[in-house]
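Here is the structure we will look at.
The values are calculated or read from the model by the stated rules, or taken from the named source; none is laboratory data. What you see is a predicted model, and the numbers here were worked out from it, not measured in a lab. Note: ideal-geometry Cβ built from the backbone for every residue, glycine included; neighbour counts use all protein chains shown. Surface areas here come from the heavy atoms of the whole protein model, side chains and all, with no ligands, DNA or RNA. Shrake-Rupley method; radii C 1.70, N 1.55, O 1.52, S 1.80 Å.
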Amino acid sequence: MNGTTGLDEVTDATFDDEVLGADRPVLVEFTSDHCPPCRQMVPVLDAVAAETAGRIRVVRLDVGANPGTTRAYRVMGTPTMLVFRDGAPVMTMVGARSKRRLLQELEDVR
């Protein structure tokens, strides 16, 4: 975890175990400390994590510190959110969004 959010952080080293090997869907926010829309997403993602607890895990990945994973999933800008299920990306969302919109987009993720 880091100081700005209650969300767990994943890294190039932990991505396979924490995300690809997860037993439930995982929403990964590809983020950067230098990205104002990413900072806007902090309270949104914290709230979404609380509301989807037990169904979807929400984590963050710093693109600057983790270039391998960022390149592997062709993340070109931040914030980019990918939902992984059973080891594969099943949904991509680019850009900041409201809590309501994000929850609507995640409704069918099981």
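When the solvent-accessible surface of protein heavy atoms is calculated with a 1.4 angstrom probe, in what order do VAL10, VAL63 fall, highest first?
Ranked list, largest accessible area first: VAL63, VAL10.
Per atom type, the chain shows carbon and sulfur on 49% of its accessible surface, probed at 1.4 Å. Pair-distance distribution P(r) for the chain, from all Cα-Cα distances in 10 Å bins starting at 0: 15, 55, 30, 0 percent. Would any residue of region 70-88 have its amide N under 20 Å from a label point 7 Å out along Cα→Cβ of CYS35? List them or say none. Under 20 Å, as judged by backbone N against the label point of CYS35, lie 70-85, 88 of region 70-88.
For ARG60, the residues whose modelled amide H falls within less than 5 Å of its own, excluding neighbours fewer than 5 places apart on the same chain, are ASP8, GLU9, VAL10, GLU29. Per-residue ellipticity at 222 nm computed for the chain from its helices equals -8000 deg cm²/dmol, with DSSP H segments shorter than 4 residues left out and the rest contributing -39,500 (n - 2.57). Residue by residue, region 46-52 carries 3J(HN,Hα) couplings of 4, 5, 5, 4, 5, 6, 10 Hz when phi is fed to the Karplus relation 6.51 cos²θ - 1.76 cosθ + 1.60 (θ = phi - 60°); x denotes Gly or Pro.
Projecting label points 7 angstrom from Cα along Cα→Cβ for ASP12 and ALA72 puts them 1.0 nm apart. Per residue, the accessible area of region 1-84 comes to 48 Å² when a 1.4 Å probe rolls over the protein heavy atoms.
Each residue of region 84-89 is assigned a 3J(HN,Hα), and the resulting list reads 10, 9, 6, x, 9, x Hz, derived from the Karplus form 6.51 cos²θ - 1.76 cosθ + 1.60 (θ = phi - 60°), x at Gly and Pro.
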